[in-house]
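The values are calculated or read from the model by the stated rules, or taken from the named source; none is laboratory data. Please read these numbers as outputs of a predicted model, since none were measured by experiment. Note: ideal-geometry Cβ built from the backbone for every residue, glycine included; neighbour counts use all protein chains shown. When the accessible area is computed, the model is the full protein with side chains, heavy atoms only, and any ligands, DNA or RNA have been set aside. Shrake-Rupley method; radii C 1.70, N 1.55, O 1.52, S 1.80 Å.
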Amino acid sequence: MGGKNKQRTKGNVRPSSSGRAADLLARESGVIPGFVGFGISTSNEPGYVPAVHGAEEIDHLVDADFRLVLRKLSKRDAVTKLKAVQEFGAMCQERESDIVKGVLPYWPRIYCKISLDHDRRVREATQQAFEQLILKVKRNLAPYLKGIMGHWIIAQCDTYSPAASAASVAFQTAFPLNKQPEALSFCKDEVLNVLQDNLLKETADTLSDPQSIPEEEREAKYMRLLTSSLLALKRLLVMIPQTDREALGEHLAHVLSQGKFWKYSKHKTPQVRGAFFEVVAALCELAPQLVEAEAARACSAVLLSIDDADPVVLPPLWEAVLHILSSIEDCWTHVNARKGVLPKLWVLLKEGGHGLATALHPNMLPFISKLPAEVTEPKLDFCRSFFTSIIQGLSSERAVASPSECAAIVFATMECLRFLLLQNAGEEPEQRAMQTVLISEQLLPLIDKSLGNPALQSGPLFLQITEMLVSWEKRTTGNDAKTFQRLLVDFWDGLGSLCVGYVDQEQTEQVALEGVASLLQIMQNPCKQVKRKKSVKICFSDQEAKGQGEDPPSGTPPTELSESQGKQDSSLRSSHLLELVCQLAELNMVYVCERNSERHLHFLALLLRAFPKPQVFQVLLKSEDGKPEQGLEAELVVMWLRQDDRQGTDFLVDMVFSALHCCNSKGEQTLVLNHLTMSLKWGVILQIIQKACADAGYLEACRGWLKGSVLGERLVGLAGELCAFGLKGSPSLSSPLMSQNSHSWPLISLALSQQSNNESLIGKVYVEQIIERLHATLTEAKGMSDAGNMEPLVSFICDVASNFFSSVKGCLLLAAAEELVLTIFQLCALDQTLTHLSDALLQKMKLAYTAGVHSLVTQLGAGVTKGTFLYSAAVWVKTLLLTSTLNAKSLQVLVQAVQSLAETLSSAQQSECLLSQFICCLTPTHEEWVCLRKALPPQVRIICLLLSISCDLRFVCFLGVWACLAVLHCCLQAETPVEEEILLAVMLQACDCLSPCLSILSDLGKASAAELALPVEMMCFLCWLVDHSPTVLGSTHWDFLLCSMLAWLETASESSGAFWNPWVQQFVCANCELIVRLTDFFIALPAGVAEQLPSELSSEWQEFFVEGIHNLLLPLLVKIPVEFPEPDEPLFPMAVVVAVGNALSYIPIQLLTQNKLPARFVADQNSSLPDALQTLLNTLGPLLLFKARPLQLAVYHMLHKIMPLLPESDRESATAKSEDEDEEESPPAAIMTILTATEELLENILGGVQVGGFAVVQPLSMEHCCILGYLLAWKLLLTFFKAAPSQLRVQYSLHLRKTRALHKLLLHLFRLMPENPALPGQPTEMASKDPKSFFTENLSLSLHQTEGLQCEVPHLACSVYYGALKDLPAMVRLWWNSQEKRVFSIVDKFTSKYVSSVLSLQEITSVQSSTQTFENMTVKARSATREVIATYSVDDIFIELVIQLPQNYPLGSISVESGRRVGVAVQQWRNWMLQLSTYLTNQNGSIMEGLSLWKNNVDKRFEGVEDCMICFSVIHGSNYSLPKKACRTCKKKFHSACLYKWFTSSNKSTCPLCRETFF
């Protein structure tokens, strides 16, 4: 009633809220009152967990941080709850167990609520946090277990799998597997109470507030709770022991007696129905007596839902159906099978189970085995309906589209058919009628259907039929022998009629004939059928494998492993199959011979592949004796193979191997194949060899033929014919041999390259003869100059050689093979103008000889001795160089070939000696060197002479100028003395040649390597001139140099998209190097050089060229990451980034502040910077995080130059702001954006490392670049902070404190700084006397650095920490004091040991060397004692203050002690000492800055400015402002910040002195 706004009476201790009243009542009576309807139990078994009893009680028992998190958990916002749960889990992991235990009394209520939250992320995070709580409290959870267990087991059945998995993990963490039943038994009553309420009492509106929760969300939560509760009930029944299930019998019976429970079978949500049927199945299995008591409801709910085809419901539904049939004997008395169950089943089967055949049909056999006679009568009608429906399901849409669905239906059909045949095995009329129906009306029509359906042919049907026939054959010796013999006869008669009907048609479909062949093949050899994933099969009696024909036992048939049967047991033993095959073959032969039917010939090939038996060939050949004559089988096939119009011969080749199978010995097989070799075409022989190589059995049959002379001599002759024909030139396409090249060359290649048992496929002597012939042909072709005619021949030979070298081990043991490699290498090393070979063919030849060399080195370990390939190649190359006149192109091709050969040797050799031996052979002897030296000087003189000729004689070509420049540059690099006249001549000639070149190079992407080579050489030459002979250049030369340099740079900036090209990269790098040399030259002109240069050169450079260069370079650097966004790709121009970044390190500050970059601004970015500076920050800032170290450093160096200028722009905006409170001013938003973007990344990278640990960062990795960008951004921020005035520093500090950016930085730094920051590589003596560390040595952030990068991040982290301590000491000190004990100690020890001494020494040194002077005050420093003495004197007043730096400076407080004082009152003296101590502690700056602030405060005091009567200081300790806000009544002035804090803390708006309202 408004009591909160009333003034409390002093001394009034009566509670003013119901929470405090409850607390008082509890203390007085010892009993905590509960809510109405929730009485408080005094027993040790808590029921419902009572609500939290007031905030004060939580405050006493729970840690402050936990208290805040628990309050957040009651919020409605999902994101808030998610973060709170995650924070709770982290706190449980980090805090001590005693602190965490304080949460336990309040956790059950919270857990029971948030474990059912609508947001699945919250539910998952809740279980993960619960796991952390369990790990910390362990056994202390036991008293609260009963209040949690119900919702805990529901959470383990959550419909969101990750949440359920997390709950299960938490449960396993709390209880080992053997203890889990015991834990559930302990809480079984409470768990069942929760589940009962959820299932029978709760609704969507009672579970959630209808006023605040949308209906859709309420319904979803309720459906999820129902599903989880039903699954939890099943889990409870499964896990608790039988005795506990019996103890719960009465409670469970009550649940089952409720009609609402059984209505879940018809619930609209599939998940609820599926969970319900799972519970029913579990009840039937574990508590059948309870289900029997509710038999009527159970049978109706389950059996009448048999047509539910929802994917979620069907598997548990059929599990429940089978359990109902097994558990309730009179189940069919409660439902009408003929009207309510079977019609639904027939519809379901006809639809193929609605796409769920894999789940539905395996239940058919157990289902029909449990049906009583009264349900299946009359049996014939039942069987017809059942099999008609199930077979019709094979035509359903899903069964046609899915092989697994079709297979499931086939399996179920055959299992049920076999079961019913066994049940009706006998000679009674009813039984025989049933057998006829099953075979004639069901099985044979199914086979007929499959013969026209490829999907059924490839399925398991044929294998299942075979297994059934094998089973029948085994039973022909048992009690029912007569029955099964008759069944076999009836089946084979029916099958024979069926197959004959398909074969005895001229226009029969090919697929039907292939189906017949497939069926017969599987019957002949079931083991070749593709193995199915299903590892068990149905066996209808234990004696089936033994052949005993006892009647099968009643009930569900047992199973046995398929693998237990041997091959012999799984094959048909009767003669029915072979008789049928012979019958079909004889009939088929009529259509093949008389009507020339191609499809019947294919069918015959398939039959012979499966049945390569003499009886079949006897039928084909019409031989009178029982065995065909030798060779006649193959002769029959040859007749078909010789047909000219024959297109496909692959199936006929299979018939050849079938004929070979009928031979009596290997000799006969060889004779047959030799006969075929003389008769058949090369394409057929190629197919025979290919099939032999693909099958071990075929290869063994052909081995004698392959190694024999007939085939070998024919292949040698074929190779000779092909080579001779190729040497004649390009043949016409109508040539007979040309038409066979598609088979002939592959045949030669296969014969040479294929191996068997590490032996050549054909005889070794024939291999050598073929290789010799190929080498001779290639050698002869090398000497021919007819362009293009030799190319097909050389290409074929290269293909053969490449396959031979790469596949045959020890191939180069043959001398001819080594000579062939040498010849191919020689062709590759010669100029194309001589060989007339295409680029594609040269590449193919290179691959061929590379394969040969690799084989030579790796397999044989070849050396460089006389007669070997390497020796011969080296001698040939050296002879060519010494004796032949090679032009530039020929020399280049030769060098490239030798280089490729050397690279192949380097990659293949196991030791380095082989390559060195080869190079030694290439190296000229002493005498050869003498000859070369004698020839070289005249050539050089001629070049110089040509270059010194008058420019009127312009006959030196473009390539010649480049070559001359290259030679001259090499001489200059070797410090060979060169006359100035030659340098000028080269300069002039190059200028003339480059003038037209500048117009050509408008687009570097289209320029050739030759066009780019000359400018690159020219740039290198100009760099040398600038460094060594700048005075040689006249005014014209300087104009050409500078204008060309700028033109080249402009061309490069317009062609940034072509930087992937290595030649373009070289061009840009050379240009940037020239810019760097020129900049260094003009920055520091050598002594005596300036007078010899043109008079206006230096001013032109500064006024025109510097601006032009950097206005092109800066946008160019920005373009590169746009054009190439992936720095990990091989095409990324890293060298260009290094070169451009190095050149931009010289950019003047004014060009940065007045840059010409396109404007770039960010919405909602408050900034007082000029547009150009803001654009520069927004453009370059994001590049600090680009994964290219040189680009990051280049951007850093540029931004570092402008950082000291930025605070100046914030002055006007800072003075214009209101001083009512501490206003915060953000540092540059572009830099803060980088920090914000990387903080979370660094937390993910370093989160696993404890503070004080050391995270090793892989150089140049993604993590390295991310951390580097983060630390560089902080170095920029510290530079900015250092340049800011005191007033702005305060505002920037407030922003950093609000964003906790510095807090996160310092935590990251203590994971990145090494435990011992000693500089690596120090000598031992120096390290002990004068140790160097990362804090004493400056960090070199060089773009070119490639070594020592593993120390870059640790060194940079130490540098940033040093800068933070130096420039932000107050904020670091504040952070340090707020840390927990372990971190506090680590930071203190590390800083004291490695940083404080360095920083203290620098602080003392800066005081000693400071040039700053103060009026009326002097400052001195003592380095030995770390003291600073300030002496202030004015009129008759003299003050001396001693400032003592602590050992752990700047973490510890700086002590201010009194020295001498004259003319100052004690109280005023103490105030001034306190003020100085406050300034030094709270200001983020040096000691000199703190003394300056203190002096200003004292000066103002003597000037008559009154103290603020709140802080008793003239100058405010934080924002350094003067008292300005005056009271209208007492006229006293106060600081604005002090007044603001006074008003907010006292909840009053009165003057602190006169207590009047402050206006």
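Consider only pairs whose beta carbons are under 7 Å apart and that are at least six residues apart or on different chains; among these, list those whose first residue lies in region 1535-1559 and is closer than 21 Å to residue 1516 by Cβ and among the small types (Gly, Ala, Ser) and whose second residue is modelled with pLDDT of 80 or more and open to solvent by less than 90 Å² (accessible area, probe 1.4 Å).
Filtered contacts from region 1535-1559: 1536/1525; 1549/1543.
Looking at 329, 405 in this structure, which one is acidic (Asp, Glu) and part of a loop (DSSP other than H, G, I, E, B)?
329
How many of the residues making up region 127-153 are closer than 13 Å to residue 174 by Cβ, open to solvent by 20 Å² or more (accessible area, probe 1.4 Å), out of contact with any Lys or Arg (no Cβ under 8 Å at 6 or more places or on another chain) and not acidic (Asp, Glu)?
Counting residues in region 127-153 that are closer than 13 Å to residue 174 by Cβ, open to solvent by 20 Å² or more (accessible area, probe 1.4 Å), out of contact with any Lys or Arg (no Cβ under 8 Å at 6 or more places or on another chain) and not acidic (Asp, Glu) gives 6.
Look at region 1364-1406 and say how many of its residues are part of a helix (DSSP H, G or I) and open to solvent by 10 Å² or more (accessible area, probe 1.4 Å).
Total meeting the criteria: 27.
Quick check on this structure: which one of 708, 717 is of a type outside the set (A, V, I, L, M), surrounded by 16 or more Cβ atoms within 10 Å (Cβ to Cβ) and at pLDDT 75 or above?
Criteria check complete, one pass: 708.
Pick out, from region 766-876, the helices (runs of 4 or more DSSP H) lying fully within it that include 3 or more residues that are within 49 Å of the chain's Cα centre (by Cα) and at pLDDT 75 or above.
Counting at least 3 such residues, we get 791-807, 815-829, 839-860.
Count, please, the residues in region 1223-1243 that happen to be part of a helix (DSSP H, G or I) and either of a type in the set (Lys, Arg) or more than 22 Å from the chain's Cα centre (by Cα) (or both).
9
Pairs please, first residue from region 737-765 and farther than 19 Å from residue 692 by Cα and at pLDDT below 70, second anywhere and charged (D, E, K, R) and surrounded by fewer than 17 Cβ atoms within 10 Å (Cβ to Cβ), Cβ atoms under 9 Å, 6+ apart in sequence or on different chains.
737/721; 740/681
Residue by residue through region 342-357, note down the ones that are outside any helix (DSSP H, G or I) and open to solvent by less than 40 Å² (accessible area, probe 1.4 Å).
Across region 342-357, the qualifying residue is only 356.
Could you please let me know if residue 668 is closer than 26 Å to residue 777 by Cβ and either open to solvent by 10 Å² or more (accessible area, probe 1.4 Å) or at pLDDT below 70 (or both)?
When the stated conditions are applied, residue 668 does not pass them.
Among (1) open to solvent by 20 Å² or more (accessible area, probe 1.4 Å); (2) part of a helix (DSSP H, G or I); (3) touching a Lys or Arg at 6+ places or on another chain (Cβ under 8 Å), which single condition is residue 506 missing?
(2)
Would you mind listing the helices (runs of 4 or more DSSP H) fully within region 1244-1363 where at least 1 residues are surrounded by fewer than 22 Cβ atoms within 10 Å (Cβ to Cβ) and among the hydroxyl-bearing types (Ser, Thr, Tyr)?
By residue number, 1262-1283, 1286-1299, 1324-1329.
Hey, any hits in region 70-83 for a residue that's surrounded by 15 or more Cβ atoms within 10 Å (Cβ to Cβ) and among the polar types (S, T, N, Q)?
No: zero hits.
Any residue in region 1027-1052 that is within 14 Å of residue 1016 (Cα to Cα) sitting within a Cβ distance under 8 Å of a residue that is among the β-branched types (Val, Ile, Thr) and exposed (fewer than 14 other Cβ atoms within 10 Å of the Cβ)? List the pairs, counting only those 6 or more apart or interchain.
none
Residue check, residue 335 against (1) part of a loop (DSSP other than H, G, I, E, B); (2) touching a Pro at 6+ places or on another chain (Cβ under 6 Å), all met but one. Which one?
(2)
Given the structure, is residue 124 assigned to a helix (DSSP H, G or I), in contact with a Pro (Cβ under 6 Å, 6 or more places away or on another chain), modelled with pLDDT of 90 or more and crowded, with 18+ Cβ neighbours inside 10 Å?
Taking the combined requirement at face value, the residue satisfies it.
Where in region 1063-1151 are there helices (runs of 4 or more DSSP H), lying fully within it, with 2 or more residues that are touching a residue at least 12 places away in the same chain (Cβ under 8 Å), buried (at least 19 other Cβ atoms within 10 Å of the Cβ) and of a type outside the set (Ser, Thr, Tyr)?
Where helices (runs of 4 or more DSSP H) fall fully within region 1063-1151 and carry at least 2 residues being touching a residue at least 12 places away in the same chain (Cβ under 8 Å), buried (at least 19 other Cβ atoms within 10 Å of the Cβ) and of a type outside the set (Ser, Thr, Tyr), they are 1106-1123, 1134-1144.
Can you give me the number of residues within region 270-313 that are outside any helix (DSSP H, G or I), farther than 22 Å from residue 357 by Cα and of a type in the set (S, T, N, Q)?
Count: 0.
Select the helices (runs of 4 or more DSSP H) contained entirely in region 158-227, then report the ones holding at least 2 residues which are on the phi < 0 side of the Ramachandran plot, of a type in the set (A, V, I, L, M, F, W, C) and open to solvent by less than 30 Å² (accessible area, probe 1.4 Å).
Hits in region 158-227: 161-174, 180-186, 188-200.
Tell me whether region 361-384 contains one or more residues that are more than 30 Å from residue 236 (Cα to Cα), free of Cβ contacts under 8 Å to residues at least 24 places away in the same chain, open to solvent by 70 Å² or more (accessible area, probe 1.4 Å) and in a helix (DSSP H, G or I).
yes
Report every pair of residues separated by at least 6 positions or lying on different chains whose Cβ atoms are under 8 Å apart, first residue within region 281-295 and over 13 Å from residue 262 (Cα atoms), second part of a helix (DSSP H, G or I) and of a type in the set (S, T, N, Q).
284/326; 284/327; 285/327; 286/242; 288/327; 292/327
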